[in-house]
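Working notes for the structure below.
The values are calculated or read from the model by the stated rules, or taken from the named source; none is laboratory data. If you're wondering where the values come from, they're calculated on a predicted model, not measured in any experiment. With ideal geometry, Cβ positions are generated from the backbone for all residues, glycine too; neighbour counts draw on all protein chains shown. The accessibility values were calculated without ligands, DNA or RNA, using every heavy atom of the protein model including side chains. Shrake-Rupley method; radii C 1.70, N 1.55, O 1.52, S 1.80 Å.
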Amino acid sequence: MANGSSPSIFYKEVDDAIARNPPNVSDLVVLKGLCEAVELGERSAVARLTRDLVKLSGFEDPLHAISYELFHSLMARILLSGWFEEFQLLVNWPQTLFGDKNRRAAGNWDGIVTIVKKQPRSLGLLTLSNREKEWQRALNGLEGAMRHFEKADLPPAPRMGAPPEGPSFHERVLPEQLLEAIEQFYRVLQMLFQQLLEFAVAKLEQDSNDASGLRKLQDLQLSLWRLLSPKDLPRDVKAGKIYDEMERQNARRTMILNKVIRITEFHYGRGRAKLHRFLDAFEPHNARSVIFNSLDREDTHEPHVRGERIGNIQVSRDRQLAYLLITYGHTWEPNRRPAPAHTFRRALINGRHGGRLRLVENDELIAFLYSVFAETLIEFTRQAQTAADKSKAGVNAWRETVETASVYFGQVTTHSRLNLTEGPPNYLTHTFPRNLIGRLLHDCGVHSVKSAYVLLSVLNRINAAHVELAGQIRARWVRLPLHVGMLIQTSNFGVVVQHNEYSSVTDNDELKSTMTAWEQASDETDPSNPDDVTIKFLEDLTANGFSSDLDMPISSIPVLKPGEPVTTHTIWNSYQTKVVPSQLFTRLVGASNAPQYQFDVRYLQLSELEREWYNRHVLRFWNKECLAIWEEWAAVLTSTKVSDKDYEKHKRAYMKALNEALDRVEESYEKQILPKKNELSSALRGEPKLLVPGIRIVSASRLETVLPAVEKVADHLNDISQPNFRLSPDFIPLFARKEEVLLEVP
């Protein structure tokens, strides 16, 4: 908005100029008419007056005397109305002779983005009124920026053998400004999505049958996908200008989906205190905050806060909608008949929660998880065919409950990647800030505290209602380099291993076989006390769940004393008094003049290396290679008309292709990651002064490598390898399911 203008009339500056400049105001009258037509939403008048305006000289008075801010405000309003032809005319209309066409256009886009950032309500955005209308306006803004970006010249790719010089400012200015505009409009869309999501969830909380808000969000999300996604090229389009233009547009859309944008609000501290804070991604930003710092001692000034790819955000929003629909017992497709799982969930909510389910507070989550356990236990017991099946009903219901908790934390939280404050506030009562996808920022400590409180509370309810069904419960904090996890051992249900948002159950039968292999693989002396041996094994199991093939220092300590109640106070007090002051390494890791300085950070660096490997190799293996193999063989492998002989032949070919893909990803791990892990393991054991007395080192070789994506494909191959085994016509492997697509770890 121009200086001195009224909130209700953005073009008051033009009125003032007309009053100051009679009778030479004909050019200004055209501008005023255009502004009025835009304000009134008169499409035909805007089209006519825009063409009249651009015929005039924008770099001569009186038009040149009008502020850039006024023209930027006018352009923004035309853009958000979706009048792209008129907008393009104004963006390219020269108001100055300074610079070339690209620099002038970039300046106009910069002015538009500035208004969207600082004064969105002046443009009818984020006003908390008609959110669906505002979504369309923001979508128009994004589409206009994308249209311009599709036509813009990008800096040329560097030539082979040329000096490593970046593109000039002249080459970068317009593409960079357009990408900034795309990011800003996309951010506005996510803010509107979150507002609409909160209303949709509030409806469901009051009436679990009312999914209308989520259905509307599905429609809006689909419109955004249609705009962003590359389009299938029609088969009847031959090579030529039209074909090349469509390929160009698809390439630009792919660039946008791969663009990393900021999804976290933060404030860097200044001065001696340097209290860096994560803020809420939604206004008012300072309503939620938490202190953070880097685990790297050298990274104190402005720790790097990662962004996320737009394509990943899109998939995350889809999964968020899917999670909420499934949680409340609704199908993804509005008109599809509910499956038994949907019916089961609806009955659970109606029967145990009176048709109203709210999952915001920890105790609400605990009540829901107990309901999941109780109803699942009934169902598993009913379905049991044998006494063995019936005896397994409890552990299977517990496994289902823990999986439900993991899915919950996976959807409502996100890893901060930086260390959150270890002091007050109490993690169990503090309201954490959210990122742009609406997920609460947590680190490993927050996750462990919350998981301990939630899962131990659920177990206590199970034992109270079902006569010690879970048996004796013992939980331990587990310290690893720059990380804390947790394990819960129950005498009847086995062990829960927890790291960040993910928890998994290993039942007693699995524990027995794994421990037997662990004992046989040992070349070290284990304790003589059987209970101490069990603790050592469970510690190693927990370490392996965090990072396999890596020797690490480890310690664990009971979460609570025998008989101590599970409360927000006792769990938080345990974490504060037992975990926060505990150390694995001596002070040498913090002494800048010592050879061991920052040794602990080497584990963080290795984790980063493995993250890059995962994003590069595992994602390609799962999302592309395995999917392509399935698509090649799916028709024949799910056919009922193929003879057994031919089926076996095709199945062997399918298995051969999958095994070759498995070999490639495993080989990449063994070449790129495993040597680094072996190197760090050796370095740890070669530093006698590095560890605090009493801290032992995990022998990673005692347990198998854990690569979940590889294990799932191997399990699939094992399932179908039996002679005469045929897949059902409706079978779809995990790697071919849209909901199982792996996302890049940011």
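Of note:
- Vicinal HN-Hα couplings computed from phi for region 617-633 (Karplus, 6.51 cos²θ - 1.76 cosθ + 1.60; Hz; Gly/Pro x): 9, 5, 4, 5, 4, 7, 7, 10, 5, 5, 4, 4, 5, 4, 4, 5, 10
- Lys/Arg +1, Asp/Glu -1 at C-beta; region 618-704 dipole; positive extreme among 669, 647, 699: 699
- Paramagnetic reach from residue 648 in region 698-738 [backbone N under 12 Å; point 7 Å along Cα→Cβ]: 722-725
- The share of accessible area on region 159-289 that comes from carbon and sulfur is 54 percent, using a 1.4 angstrom probe.
- Candidate residues 456, 469: accessible-area rank, largest first, probe 1.4 Å: 469, 456
- From most to least packed by mean Cβ count within 10 Å, the peptides 545-558, 201-214 give 545-558, 201-214.
- Each residue of region 559-573 was assigned a 3J(HN,Hα) from its phi angle through the Karplus curve 6.51 cos²θ - 1.76 cosθ + 1.60 (θ = phi - 60°); the sequence is 5, 10, 6, x, x, 6, x, 8, 9, 4, 6, 5, 5, 5, 5 Hz, with glycine and proline shown as x.
- Integer Hz, Karplus 6.51/-1.76/1.60 couplings in order for region 190-195, x for Gly and Pro: 5, 5, 5, 4, 5, 4
- Between region 237-316 and region 217-233, the alpha-carbon centres lie 21 Å apart.
- Extension gain, residue 740 to residue 474, is 92.4 nm, computed as 0.36 nm per intervening residue step minus the present C-alpha separation.
- The residue among 486, 227, 597 whose Cα reaches farthest toward the positive pole of the charge dipole of the chain, with charges on the beta-carbon of Lys, Arg, Asp and Glu, is 227.
- Net length available on complete extension from residue 641 to residue 620 is 4.3 nm, with 0.36 nm assigned per residue and the Cα-Cα distance removed.
- Close amide-amide hydrogen proximity is noted between residue 480 and 485, each under 5 Å apart and 5 or more residues distant or on a separate chain (H modeled in the peptide plane; Pro and chain starts excluded).
- Axis of helix 310-327 versus longest Cα principal axis of the chain: the two differ by about 60°, to the nearest ten degrees.
- Rounded to the nearest 20 debye, the dipole magnitude of the chain is 960 debye, with +1 charges on Lys and Arg beta carbons, -1 on Asp and Glu beta carbons, and the Cα centre as origin.
- Listed residues 483, 342 arranged by accessible area, highest first, probe 1.4 Å: 342, 483
- Rounded tilt (10° steps) of 212-228 against the dominant C-alpha axis of the chain: 70 degrees
- Measuring only protein heavy atoms, the 1.4 Å probe finds residue 567 accessible over about 50 Å².
- Distant-in-sequence amide H partners of residue 309 (H built 1.01 Å from N, under 5 Å): 261
- With kT/(6 pi eta Rh) evaluated at 25 °C and eta = 0.890 mPa s, and Rh the Kirkwood radius from Cα pairs, region 47-98 diffuses with a coefficient of 219 µm²/s according to Stokes-Einstein.
- Sequence-separation-based contact order of region 279-420, relative, with Cα cut under 8 Å and 6+ spacing, percent: 23 percent
- Charge dipole magnitude, Cβ of K and R +1, D and E -1 - region 218-318, Cα centre, debye nearest 20: 160 debye
- Residue 515 contributes about 40 Å² of solvent-accessible surface, heavy atoms of the protein only, 1.4 Å probe.
- Accessible surface area normalised per residue over the chain is 49 Å², counting heavy atoms of protein chains with a 1.4 Å rolling probe.
- In units of the compact-protein estimate 2.2 N^0.38 Å, region 536-664 shows a Cα radius of gyration of 1.76.
- Two-site FRET efficiency, residue 587 against residue 529, from Cβ-Cβ distance with R₀ of 45 Å, rounded to 0.05: 0.90
- Debye intensity ratio I(q)/I(0), log10, region 424-579, q values 0.09, 0.15, 0.16, 0.18 Å⁻¹ (C-alpha model): -0.31, -0.84, -0.95, -1.16
- Proximal lysines to residue 117, defined as alpha-carbon separation beneath 29 angstrom and excluding residues fewer than eight positions away on the same chain: 12, 32, 101, 133, 151, 216, 259, 274
- Straight-line cross-link reach from residue 561 at under 25 Å between alpha-carbon atoms covers these lysines, not counting any fewer than eight positions away in the same chain: 450, 536, 578.
- Cα-based equivalent ellipsoid of region 362-486: semi-axis lengths in Å, sorted from largest, via gyration tensor: 31, 15, 13
- Modelled FRET efficiency - R0 60 Å, residue 725 with residue 42, Cβ distances, 0.05 increments: 0.30
- Assuming charge only on the beta carbon of Lys and Arg (+1) and of Asp and Glu (-1), the dipole of region 374-523 about its Cα centre is about 400 debye to the nearest 20.
- Toward the positive end of the charge dipole of the chain, with +1 on the Cβ of Lys and Arg and -1 on the Cβ of Asp and Glu, the farthest Cα among 709, 517, 408 is that of 408.
- Share of Cα-Cα pairs in the chain lying beyond 46 Å, as whole percent: 33 percent
- Among beta bridges from DSSP that stay inside the chain, the antiparallel ones total about 90%.
- With 0.36 nm allotted per residue and the present C-alpha distance subtracted, the residue 114-residue 627 stretch has 180.4 nm of extension available.
- 5 angstrom amide H check on residue 290, placed H, neighbours 5+ away: 278
- Mean-position separation - Cα centroids, region 720-746 and region 570-591, in angstrom: 43 Å
- Qualifying chymotrypsin sites (Phe, Trp or Tyr not before Pro) in region 557-630, DSSP loop, other Cβ atoms within 10 Å at most 15: 597
- DSSP-loop chymotrypsin sites (Phe, Trp or Tyr not before Pro) across region 250-292, with at most 16 other Cβ within 10 angstrom: 268
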